Amino acid sequence: MTEEPYRWLEAVGNRRDYVREQLKGGSPVFAASLPEGILLLGVGSGQSKVFEIFDRQALAGLGHPADIEKIRQAAIDAAHTESFTRAPEDVSLRRLVSFGVSGQLKTNFEQLFTAPFLIELLLAEIGSTPEHDLFFRLHFDGSFQSHTGGIVVCASQPETESAAQKWLAEACKGKKDRGEVANLLLQAWWLLQHGKNFTESMPDEKERQSGWRSDAQDKTVEVGWLSRNSSRPIRYQALTLSELDL
Amino acid sequence: MTETHRIAGDFLSLLAERKLVPTRVEAGHAAPVQTQATTVFAFHFADGVMMAGDRRATAGNIIVTDKVEKIIEIDATSLLAIAGVPATAFEMARVLQTSFEYYRRSQLQTLSLPAKVRALARLLRDNLPMTMQGVGVVVPLFAGLDQTVSPPKAQIYFYDPLGAQFQAVGYAASGSGSGTIRSILSFQERYGKPRPSDMKLADAVKFASRLLIVASEFDSATGGVNPASETFATIRVLGPKGIENISDEQQKEFLK
C-alpha cells in the first residue's frame with residue numbers, strides 16, 4: 001500500500017490522528033523562566049514526568065511512560081557522550097534536540113509499520129540570564145519550536161496549550177517567587193485537566209486554588225528547579241511542594 | 001535509542017558501543033612499578049573524612065607547577081586523591097565523574113558506595129599495561145559516603161596499582177611522601193592528644209597542613225605549605241551532608 005504516494009500520505013495522516021487521540025487526557029507539564037532559575041512542573045499518577053538530563057538541561061513530558069523513557073535515555077546518552085568526548089560546556093539543548101532526538105522521532109514517525117512514539121515533550125536549558133533561558137517544545141513527529149525565556153506549556157491539544165500559555169504569560173508577569181508561580185502553573189494544570197476555558201468566564205481564583213489542591217491529593221506533583229547562580233556545575237534539583245510553601 | 005545488550009546505566013559500555021573508549025595500549029616490556037612524586041592522604045576526624053594533598057607537579061628534578069589540584073570532587077559524595085602519572089589519573093577522574101552522573105541520571109538513583117569503589121578498581125585494572133611499562137602508574141585514594149547507615153558515614157579506600165581495593169580503618173596515604181605521613185598518622189592515632197579521629201575542623205586543618213610541611217622536608221617532590229608565600233594544600237572534607245572545600249583563606253586563618 002505504501003508504494004503509492006497518496007496512500008502513504010493517508011497513512012501518515014491516520015498515524016497523526018491516532019497519536020493525537022492516544023495523547024488526549026495526558027497530564028500537561030510546564031516550564032517557567034524566573035530571575036533565579038527555571039521551574040519545571042508536572043503532575044503524575046505514579047510515573048515521573050520531570051527529569052534531569054545534564055548539568056544545565058532538563059526534560060518534562062506527557063504521554064506513554066515507556067516512550068518518554070526511550071527519548072529521555074537517548075538524550076542522556078547523547079549529552080554524556082558529548083560531555084566526555086568534548087567538555088560539559090559543549091552540551092547544548094539546541095544540538096541535543098535538533099541533531100539528536102528530533103531526527104530520531106521523525107524517523108520513527110515515518111516508519112509506518114513500527115509503533116509511533118506517544119509523547120509530547122518540553123526541554124529546558126538554563127542560561128546566564130532569563131533572556132538566555134532556552135526552551136524546546138518537541139512533538140511526537142520530531143517537529144519542534146524553540147522559545148527564549150517566559151513560560152512554556154506542553155499539553156496534548158495545541159489549541160488549549162496555546163490558550164494556557166497566553167493566560168500564564170499574563171498571570172505570571174512580574175512574579176519572581178517560584179512558589180507563587182508554581183501555584184499559577186498548578187491552577188493552569190487544573191483548568192486544562194477539566195477542559196475549562198481560559199477566557200473571562202473561567203473559574204475564579206478561589207475555585208482554581210481549591211480545584212488543583214483537591215485533584216493533586218491522590219497524585220504526585222513533581223517540581224524540578226534549574227538554578228541560575230549555583231557554584232556547582234550541576235544546576236538541577238528536585239523540589240517538594242513544602243519547599244515552595246504550597 | 002538504547003541497545004538491549006548494554007549494561008543499564010554503565011557509561012563505559014556506552015563508550016564501548018560507540019567505539020569511544022579512551023585509548024588502551026598493549027603491554028610492553030616490564031618495568032619496575034614506581035609511584036610518582038606527590039603526597040596525598042585522608043584520615044577520619046570528628047566531622048567525617050579529611051582528604052588533603054600537596055599541589056606540586058614534577059618532571060624528574062624539575063618543578064613544573066605548585067598549583068595542581070590533586071583532590072578531585074567526583075560527585076556530591078565522592079572524593080578522589082590522585083597520586084601517579086597525571087595524564088592517566090586525571091583521565092580516570094573524568095571517567096568516574098561522567099560514569100557516576102550518567103548512572104544517577106539514567107537510573108534515577110545514586111550508585112552505591114561499593115559500586116563506586118569497584119568502578120575505580122576496574123579502571124586501574126584496565127590500566128595494567130601502562131602500569132607494567134612504568135609510564136602510567138596511578139595509586140589513588142577514594143573517599144565516599146556510606147548511605148546505608150544513619151547518619152551517613154564517610155569511608156576511606158586505598159588501592160594497589162593493579163586495582164586491589166582496601167578499606168582504611170583510620171587513615172591512608174599515597175605518593176612519594178606517604179611514608180612520612182603514614183608514620184606520623186600512626187603515631188598520632190596511637191598516642192596523640194587529641195587523636196586525629198577526635199579532632200575538630202580547625203585542629204584537623206592545622207594538622208593536615210603540618211603533615212605536608214613535614215613530608216616536604218623529606219621529599220623534594222612534595223610541595224609544602226607556606227602561608228608567607230601563599231602556598232597552601234588542597235583540603236576537602238567529606239561529611240554526612242556532602243563535600244566542603246577548605247579554601248586558601250580558611251587555611252590561612254586556621255594556621256594563624
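If you go through the stretch A:67-86 and pick out every residue that is over 15 Å from the mean Cα position of the chain (by Cα) and more than 9 Å from every other protein chain (Cβ to nearest Cβ), you end up with 3. Quick one: count up the residues across the stretch B:108-143 that are outside any strand (DSSP E or B), β-branched (Val, Ile, Thr) and crowded, with 22+ Cβ neighbours inside 10 Å. Summing the residues that are outside any strand (DSSP E or B), β-branched (Val, Ile, Thr) and crowded, with 22+ Cβ neighbours inside 10 Å in the stretch B:108-143 gives 3. Reported count of residues in the stretch B:162-186, each being more than 14 Å from the chain's Cα centre (by Cα) and in a helix (DSSP H, G or I), is 8.
Of the helices (runs of 4 or more DSSP H) lying entirely inside the stretch A:52-112, the ones with 3 or more residues being within 23 Å of A:LEU41 (Cα to Cα) and in contact with a Lys or Arg (Cβ under 9 Å, 6 or more places away or on another chain) are found at A:65-85. Taking the stretch B:69-115 as the range and being over 30 Å from B:GLN133 (Cα atoms), within 14 Å of chain A (Cβ to nearest Cβ) and polar (S, T, N, Q) as the test, the residues that pass are B:THR77, B:SER106, B:GLN107, B:GLN109, B:THR110.
Just to be sure, is B:LEU212 buried (at least 20 other Cβ atoms within 10 Å of the Cβ) and part of a helix (DSSP H, G or I)? The answer is yes for B:LEU212.
So that you can scan it fast, the table gives a plain yes or no per residue for (1) in a loop (DSSP other than H, G, I, E, B); (2) β-branched (Val, Ile, Thr):
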site	(1), (2)
A:TRP190	no, no
A:ASN197	yes, no
A:ASP215	no, no
A:VAL221	no, yes
A:ILE234	yes, yes
A:ALA238	no, no
A:LEU246	yes, no
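The single residue among B:GLU244, B:GLU189 that is among the charged types (D, E, K, R), in a strand (DSSP E or B) and within 16 Å of B:HIS44 (Cβ to Cβ) turns out to be B:GLU244.
Being away from every other protein chain (no Cβ under 14 Å), closer than 27 Å to B:TYR102 by Cα and of a type in the set (Gly, Ala, Ser) is a condition met by no residue of the stretch A:156-175.
Kindly establish whether B:GLN155 is surrounded by fewer than 18 Cβ atoms within 10 Å (Cβ to Cβ), under 15 Å from the mean Cα position of the chain (by Cα), farther than 25 Å from B:ARG56 by Cα and not basic (Lys, Arg). No; evaluated as a whole, the condition is false for this residue.
Please verify whether B:SER112 is over 25 Å from B:ASP54 (Cβ atoms) and out of contact with any Leu (no Cβ under 8 Å at 6 or more places or on another chain), treating the condition exactly as stated. Yes; evaluated as a whole, the condition is true for this residue.
For the stretch A:185-212, filtered to residues that are hydrophobic (A, V, I, L, M, F, W, C) and crowded, with 20+ Cβ neighbours inside 10 Å, the residue that is farthest from the chain's Cα centre (by Cα) is A:TRP212.
Which of the residues belonging to the stretch A:90-137 are over 21 Å from A:ARG20 (Cβ atoms) and within 14 Å of chain B (Cβ to nearest Cβ)? Hits for the stretch A:90-137 are A:ASP90, A:VAL91, A:LEU96, A:GLY100, A:GLY103. Within the stretch A:18-29, does at least one residue satisfy the condition of being in a strand (DSSP E or B), closer than 29 Å to A:GLU159 by Cβ and in contact with a strand residue (DSSP E or B) (Cβ under 8 Å, 6 or more places away or on another chain)? Yes, there is a match, as at least one residue in the stretch A:18-29 is in a strand (DSSP E or B), closer than 29 Å to A:GLU159 by Cβ and in contact with a strand residue (DSSP E or B) (Cβ under 8 Å, 6 or more places away or on another chain).
Listed here are the residues, each with its yes/no results for (1) of a type outside the set (A, V, I, L, M, F, W, C); (2) more than 14 Å from every other protein chain (Cβ to nearest Cβ).
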position: A:GLY25; (1), (2): yes, yes
position: A:VAL29; (1), (2): no, yes
position: A:LEU40; (1), (2): no, yes
position: A:LEU59; (1), (2): no, no
position: A:PRO65; (1), (2): yes, no
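The residues in the stretch B:12-57 that are modelled with pLDDT of 85 or more and under 17 Å from B:ILE213 (Cα atoms) can be counted, and the count is 14.
Out of A:GLU120, A:GLU125, A:GLU82, A:GLU89, one residue alone is more than 18 Å from A:GLY224 (Cβ to Cβ), buried (at least 17 other Cβ atoms within 10 Å of the Cβ), modelled with pLDDT of 95 or more and acidic (Asp, Glu). It is A:GLU82. Does at least one position in the stretch A:154-165 carry a residue that is surrounded by fewer than 20 Cβ atoms within 10 Å (Cβ to Cβ), more than 19 Å from the chain's Cα centre (by Cα), within 30 Å of A:VAL97 (Cβ to Cβ) and acidic (Asp, Glu)? No.
Does A:LYS175 fit the bill of being outside any helix (DSSP H, G or I) and either in contact with a helix residue (DSSP H, G or I) (Cβ under 6 Å, 6 or more places away or on another chain) or surrounded by 13 or more Cβ atoms within 10 Å (Cβ to Cβ) (or both)? It is true that A:LYS175 is outside any helix (DSSP H, G or I) and either in contact with a helix residue (DSSP H, G or I) (Cβ under 6 Å, 6 or more places away or on another chain) or surrounded by 13 or more Cβ atoms within 10 Å (Cβ to Cβ) (or both). Scan the stretch A:202-215 and report the pairs whose first residue is without any contact (Cβ under 8 Å) to a residue 24 or more places away in the chain and whose second residue is among the polar types (S, T, N, Q) and surrounded by 12 or more Cβ atoms within 10 Å (Cβ to Cβ), with Cβ atoms within less than 8 Å and a gap of 6+ or a chain change. Sorted first by the residue in the stretch A:202-215, then by its partner, the pairs are A:GLU205/A:GLN187; A:ARG208/A:GLN187. Going by the structure shown, is B:ALA57 touching a residue at least 24 places away in the same chain (Cβ under 8 Å) and either surrounded by fewer than 17 Cβ atoms within 10 Å (Cβ to Cβ) or not aliphatic (A, V, I, L, M) (or both)? No, not satisfied. Note on the stretch A:142-172: residues that are farther than 25 Å from A:ILE68 by Cβ and either part of a helix (DSSP H, G or I) or β-branched (Val, Ile, Thr) (or both) total 5. On the stretch given as the stretch A:42-51, residues that are within 12 Å of chain B (Cβ to nearest Cβ) and either surrounded by fewer than 23 Cβ atoms within 10 Å (Cβ to Cβ) or over 14 Å from the mean Cα position of the chain (by Cα) (or both) total 2. Beta carbons closer than 8 Å, at least 6 apart along the sequence or on distinct chains, pair a first residue in the stretch B:231-256 that is over 27 Å from B:GLN155 (Cβ atoms) with a second that is of a type in the set (Gly, Ala, Ser) and outside any helix (DSSP H, G or I) for B:THR231/B:GLY223; B:THR231/B:GLY224.
The values are calculated or read from the model by the stated rules, or taken from the named source; none is laboratory data. The structure presented is a predicted model; accordingly, all values stated were derived computationally and were not measured. For neighbour counting, all protein chains shown are included, and Cβ atoms are generated from backbone atoms with ideal geometry for every residue, glycine included.
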